[in-house]
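Data block below; observations after.
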Amino acid sequence: MKYSSTTANAVRFYRQLAVTITLLLIFPFVLSMINLEFAQNWKVHFFPAAIILAALFFGATGGLVAGVAGSLYSAMLLGNPYLIVGNAILGFCTGFFYKKTDKLILSVILAFLCQLPWLIVTDYYFMNLSVEFITKLIIVLLLADILWAAVIQLMSKPLRRYLC
C-alpha cells in the first residue's frame, strides 16, 4: 500500500507541530525545574538554553513564547512574576538580534543588555533585593547565558538537520 502525498504532508505537518510545541512550551518548562547549585547557593538554570534554542529556530516570537513558558515555574517558586517578563524580553531580543546579525553569542549578549534594566528595576524596587545580590545575579546570569549560547552554537547544525 502506498501513501499519498497528502498523507506524507500531514505526517510532516504533525511532526513539525510536535517539535514546535515541544521546543516552545514543554522543553522550557521542564528545563526550568533543573538547576545546578554552586558556591553559596547560587544556581545555574537550564531553561535559558531552551529560550535561546527557540529564538534560534523560531525567531523573536518563538523566543518570547519560550521565555514565558520557561520562567513560569521559577516565577511561581520564587514569588517573582517579573521573571516572566524578563525572560520574555531575553527570548524576544535574542531572536530579533539573531535575525539581524546571524551571530548567536552576540545576540544573546545584546538581548541580556536589553533585559538588564528590567531585571535591575524589578529586583531592586519591587522585590527589594540588595544591590550586592543583584550584582552577583547579573554576573551569574550573563555568564550562564553566554555558556548556553556557546553550547547551542556548537550544536546548531546537527540540531537543524534533525529538527528541520
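The values are calculated or read from the model by the stated rules, or taken from the named source; none is laboratory data. Bear in mind that the values here come from a model prediction, so they are computed numbers and not experimental data. No Cβ is skipped: glycine too gets one built from the backbone with ideal geometry, and neighbour counts run over all protein chains shown.
Below, the figures for the structure above:
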read-out: Val85 vs. criteria of a type in the set (Val, Ile, Thr) and modelled with pLDDT of 80 or more; value: yes
read-out: Residues within region 79-91 that are part of a helix (DSSP H, G or I) and more than 16 Å from Trp148 (Cα to Cα), tallied; value: 7
read-out: Failed condition for Lys100, given (1) farther than 23 Å from Ile134 by Cα; (2) touching a Gly at 6+ places or on another chain (Cβ under 6 Å); value: (2)
read-out: Residues located in region 100-114, provided they are among the polar types (S, T, N, Q) and surrounded by fewer than 16 Cβ atoms within 10 Å (Cβ to Cβ); value: Thr101
read-out: Any hit, region 58-67, residues being part of a helix (DSSP H, G or I), touching a Lys or Arg at 6+ places or on another chain (Cβ under 9 Å) and without any contact (Cβ under 8 Å) to a residue 40 or more places away in the chain; value: yes
read-out: Top-ranked residue of region 55-64 - restricted to ones that are of a type in the set (A, V, I, L, M, F, W, C) and at pLDDT 90 or above, ranked as surrounded by the most Cβ atoms within 10 Å (Cβ to Cβ); value: Ala55
read-out: Flag for Lys157 being over 24 Å from Ile26 (Cα atoms), among the basic types (Lys, Arg) and loosely packed, with under 15 Cβ neighbours inside 10 Å; value: no
read-out: Checklist (1) crowded, with 18+ Cβ neighbours inside 10 Å; (2) closer than 20 Å to Leu31 by Cα; (3) more than 12 Å from the chain's Cα centre (by Cα); (4) not β-branched (Val, Ile, Thr) applied to Leu77, failing item; value: (1)
read-out: Of the criteria (1) loosely packed, with under 14 Cβ neighbours inside 10 Å; (2) in a helix (DSSP H, G or I), which one Thr122 fails; value: (1)
read-out: Residue list for region 88-114, filter: among the hydrophobic types (A, V, I, L, M, F, W, C) and either under 12 Å from the mean Cα position of the chain (by Cα) or at pLDDT below 95 (or both); value: Ala88, Ile89, Leu90, Phe92, Cys93, Val108, Ala111, Phe112
read-out: Flag for Ile105 being closer than 16 Å to Ile52 by Cα and in contact with a helix residue (DSSP H, G or I) (Cβ under 6 Å, 6 or more places away or on another chain); value: yes
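So that you can scan it fast, the table gives a plain yes or no per residue for (1) at pLDDT below 95; (2) outside any helix (DSSP H, G or I); (3) over 16 Å from the mean Cα position of the chain (by Cα); (4) surrounded by fewer than 16 Cβ atoms within 10 Å (Cβ to Cβ):
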{"residue": "Leu72", "(1), (2), (3), (4)": "yes, no, no, no"}
{"residue": "Leu116", "(1), (2), (3), (4)": "no, no, no, no"}
{"residue": "Phe133", "(1), (2), (3), (4)": "yes, no, yes, yes"}
{"residue": "Ile152", "(1), (2), (3), (4)": "yes, no, no, no"}
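Every residue, every condition in (1) within 18 Å of Val44 (Cα to Cα); (2) touching a residue at least 12 places away in the same chain (Cβ under 8 Å); (3) of a type in the set (Gly, Ala, Ser), yes or no:
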residue: Ile89; (1), (2), (3): no, yes, no
residue: Lys100; (1), (2), (3): no, no, no
residue: Lys103; (1), (2), (3): no, no, no
residue: Leu110; (1), (2), (3): no, yes, no
residue: Pro117; (1), (2), (3): no, no, no
residue: Ile120; (1), (2), (3): no, yes, no
residue: Phe133; (1), (2), (3): yes, no, no
residue: Asp145; (1), (2), (3): yes, yes, no
residue: Leu154; (1), (2), (3): no, no, no
